[in-house]
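A.B. asks: Below you'll find the structure I mean.
The values are calculated or read from the model by the stated rules, or taken from the named source; none is laboratory data. Quick caveat: nothing in here was measured; it's all calculated off a predicted structure. Positions of Cβ are backbone-derived with ideal geometry, glycine not excepted, and every protein chain shown enters the neighbour counts. Ligands, DNA and RNA are stripped out before the accessible areas are found, and what is left, the full protein with its side chains, is counted by its heavy atoms. Shrake-Rupley method; radii C 1.70, N 1.55, O 1.52, S 1.80 Å.
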Amino acid sequence: MRPPPSPLLVVTDRLGAGGRLADAIRGALEGGARWIWFRERDLPAQPRATLAAEILALVRRHGGLLSIGGDVELAARLGADGVHLSGGAGSAAIAEARRRLPNGVVGLSAHSVDEARTAARAGADYVTLSPIFASASKPGYGPALGPTALTQAAGFGMPVLALGGITASTLRPCREAGAAGVAVMGEVMRARDPRGTTSALREALNPDSP
């Protein structure tokens with residue numbers, strides 16, 4: 001099991017970013033983000049690959065790491081730093097991801113404590129658990145789970161990242177509940193100032209840093 005590269009995972013959403021995804025990601029990187037999850041799962045294969053390559057180059061220029069959402073083939077082809085698999089992916093899918101990305105980090109999405117348990121048993125490096133709070137970015141995934149679910153999921157011995165409704169003011173109870181970090185989409189992607197928003201998230205994650 002590899003530890004998460006950072007306690008802050010920024011998730012891409014070009015629609016939320018108003019068509020300026022590269023600008024939003026650049027701002028996040030300038031604000032201190034070092035781990036990006038390229039999601040954009042609604043795009044056809046070729047445009048998605050082209051955009052992923054653009055974002056990977058941008059992330060690398062800022063010394064960051066990129067995980068590709070749900071596409072091991074694309075992640076391996078681009079030489080990405082990891083892959084984030086959809087919920088329900090089992091041990092065989094994780095083993096294939098590790099074969100194709102021997103040095104990559106392999107994460108899974110979970111939308112319940114039971115799904116987090118399954119991910120831990122399947123051998124994922126980490127899991128995102130969502131929605132922790134009500135979130136416009138994560139509609140249709142059921143009611144907010146609350147920080148208590150993080151405590152339960154963290155008990156399975158795998159790093160858990162809180163996702164859904166995460167802001168600089170809501171991440172503290174997530175960390176106190178046992179989250180190894182947080183994954184943030186809308187707060188950064190829809191921000192007028194992605195750099196400042198990311199910087200505030202980083203400061204809230206590390207309040208004692210100089």
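A.B. asks: Which condition from (1) hydroxyl-bearing (Ser, Thr, Tyr); (2) touching a helix residue (DSSP H, G or I) at 6+ places or on another chain (Cβ under 7 Å); (3) in contact (Cβ under 8 Å) with a residue 60 or more places away in the chain is the one that residue 126 breaks?
C.D. replies: Single failed check for residue 126: (2).
A.B. asks: What tally of residues in segment 144-193 results from selecting those that are of a type in the set (Ser, Thr, Tyr) and under 16 Å from residue 6 (Cα atoms)?
C.D. replies: Number satisfying all stated conditions: 0.
A.B. asks: Would you confirm whether or not segment 172-180 contains a residue that is under 14 Å from the mean Cα position of the chain (by Cα), part of a loop (DSSP other than H, G, I, E, B) and either among the hydrophobic types (A, V, I, L, M, F, W, C) or within 27 Å of residue 29 (Cβ to Cβ) (or both)? Give the derivation first.
C.D. replies: Start the filter on segment 172-180 by keeping residues that are under 14 Å from the mean Cα position of the chain (by Cα), which leaves 179-180.
Going one step further and asking which of them are part of a loop (DSSP other than H, G, I, E, B), we end up with 179-180.
Retained after the next criterion (residues that are either among the hydrophobic types (A, V, I, L, M, F, W, C) or within 27 Å of residue 29 (Cβ to Cβ) (or both)): 179-180.
Within segment 172-180, one or more residues are under 14 Å from the mean Cα position of the chain (by Cα), part of a loop (DSSP other than H, G, I, E, B) and either among the hydrophobic types (A, V, I, L, M, F, W, C) or within 27 Å of residue 29 (Cβ to Cβ) (or both).
A.B. asks: So residue 107 ticks every box in (1) part of a loop (DSSP other than H, G, I, E, B); (2) in contact with a His (Cβ under 6 Å, 6 or more places away or on another chain) but one. Which box is left unticked?
C.D. replies: (1)
For every residue, the table says whether it meets (1) of a type in the set (Ser, Thr, Tyr); (2) in contact with a Cys (Cβ under 9 Å, 6 or more places away or on another chain).
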residue: 100; (1), (2): no, no
residue: 105; (1), (2): no, no
residue: 118; (1), (2): yes, no
residue: 121; (1), (2): no, no
residue: 147; (1), (2): no, yes
residue: 153; (1), (2): no, no
residue: 156; (1), (2): no, no
residue: 163; (1), (2): no, no
residue: 167; (1), (2): yes, no
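A.B. asks: Condition check: at pLDDT 95 or above, within 19 Å of residue 179 (Cβ to Cβ), touching a helix residue (DSSP H, G or I) at 6+ places or on another chain (Cβ under 9 Å) and in a loop (DSSP other than H, G, I, E, B). Does residue 32 satisfy that? Lay out the reasoning, then the answer.
C.D. replies: Details: at pLDDT 95 or above: yes; within 19 Å of residue 179 (Cβ to Cβ): yes; touching a helix residue (DSSP H, G or I) at 6+ places or on another chain (Cβ under 9 Å): yes; in a loop (DSSP other than H, G, I, E, B): yes.
When the stated conditions are applied, residue 32 passes them.
A.B. asks: Are any residues in segment 35-63 part of a loop (DSSP other than H, G, I, E, B) and under 16 Å from residue 83 (Cβ atoms), and if so, which ones?
C.D. replies: Restricting attention to segment 35-63, the residues satisfying the condition of being part of a loop (DSSP other than H, G, I, E, B) are 39-44, 62-63.
Residues satisfying the conditions are 39, 40, 41.
A.B. asks: Could we say that residue 162 is surrounded by 19 or more Cβ atoms within 10 Å (Cβ to Cβ), at pLDDT 95 or above and over 18 Å from residue 69 (Cα atoms) here?
C.D. replies: Numbers: surrounded by 19 or more Cβ atoms within 10 Å (Cβ to Cβ): yes; at pLDDT 95 or above: yes; over 18 Å from residue 69 (Cα atoms): no.
Answer is no for this residue.
A.B. asks: Separate question: So which residues in segment 193-209 are at pLDDT 95 or above and assigned to a loop (DSSP other than H, G, I, E, B)?
C.D. replies: Scanning segment 193-209 gives a single hit, 193.
A.B. asks: A follow-up question, please. Any residue that is open to solvent by less than 10 Å² (accessible area, probe 1.4 Å), within 30 Å of residue 91 (Cα to Cα), touching a residue at least 12 places away in the same chain (Cβ under 8 Å) and in contact with a Leu (Cβ under 8 Å, 6 or more places away or on another chain) - is there at least one of those in segment 19-30?
C.D. replies: The answer is no, given that none of the residues of segment 19-30 is open to solvent by less than 10 Å² (accessible area, probe 1.4 Å), within 30 Å of residue 91 (Cα to Cα), touching a residue at least 12 places away in the same chain (Cβ under 8 Å) and in contact with a Leu (Cβ under 8 Å, 6 or more places away or on another chain).
A.B. asks: Conditions first: (1) closer than 30 Å to residue 170 by Cα; (2) open to solvent by less than 60 Å² (accessible area, probe 1.4 Å); (3) of a type outside the set (A, V, I, L, M). Residue 60 passes all but one, so which condition is the exception?
C.D. replies: Failed condition: (2).
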